[in-house]
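The values are calculated or read from the model by the stated rules, or taken from the named source; none is laboratory data. Because the structure is a prediction, the values reported are computed rather than measured. All Cβ positions, glycine included, derive from the backbone under ideal geometry; neighbour counts span all protein chains shown.
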Amino acid sequence: MPKQTDKTPGRKRKRSPVLPLLLIILLGIGIYKIPDLCRAYIYPRKYSEYVEKYSSKYDMDSNFIYAVIKTESNFDPSAESDVGARGLMQLMEDAYDWVGYRMKDGREIDYDHMFVPEYNIEYGTYLLMFLYNEYGDYETALAAYHSGRGNVNKWLEDSELSSDGKTLDDIPSSATKHYVNKVMNAYSAYNNLYK
């Protein structure tokens, strides 16, 4: 008598529901874990010990600081721009000098220390705190961080750019406008991912 196989006409092979059920479970877990993947890879919170320390010290939202670091250097402490800005928060030498003077920083550090994550985050967060306190909103503070206080103060005097002389309704520099939008989008993402 010939051996019957699954290919024998008239007899259907029963499929196990285990494999499709397992695939559905894995897909569900994958969808559930997408925010975690975004947190870890797209919007990380690297150097959190320093970001949390200095955002608390200078009363700044840590997600805002992460957004600036993400935009400025993508968390690369050795980043250096074409114009010489250094480190995680891309500080220029004149900004470094100014912040050191304002902080009355008596430590024996120099501009080369802006490649050290803790110093860079401390100085950058202090500068953002100062600008935020001066202008009262993140967008105008970011414009000053990117283009300098002198430019922002001129823009604020122009009624076509600022209706109240305190906040910018429009930013005339396309590079600065792009920068502010990019940081604010990252800030929104950090706030959505890290509630």
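Checked against (1) crowded, with 19+ Cβ neighbours inside 10 Å; (2) of a type outside the set (Gly, Ala, Ser); (3) out of contact with any strand residue (DSSP E or B) (no Cβ under 9 Å at 6 or more places or on another chain), residue 110 meets all criteria but (1).
Under 20 Å from residue 71 (Cα atoms) and not in a helix (DSSP H, G or I) - does that describe any residue in segment 134-142? Checked segment 134-142: at least one residue is under 20 Å from residue 71 (Cα atoms) and not in a helix (DSSP H, G or I). None of 188, 163 is surrounded by fewer than 15 Cβ atoms within 10 Å (Cβ to Cβ), in a helix (DSSP H, G or I) and either over 16 Å from the mean Cα position of the chain (by Cα) or assigned by TED's automatic domain parsing to the domain that holds residue 63 (or both) except 188. In the set 123, 54, 119, which member is outside any loop (DSSP other than H, G, I, E, B), of a type outside the set (Asp, Glu), surrounded by 16 or more Cβ atoms within 10 Å (Cβ to Cβ) and in contact with an Asp or Glu (Cβ under 7 Å, 6 or more places away or on another chain)? When all the criteria are applied, what remains is 54. Please find, among 129, 89, the residue that is assigned to a helix (DSSP H, G or I), of a type in the set (A, V, I, L, M, F, W, C), at pLDDT 95 or above and closer than 24 Å to residue 47 by Cα. Checking each option against the conditions leaves just 129.
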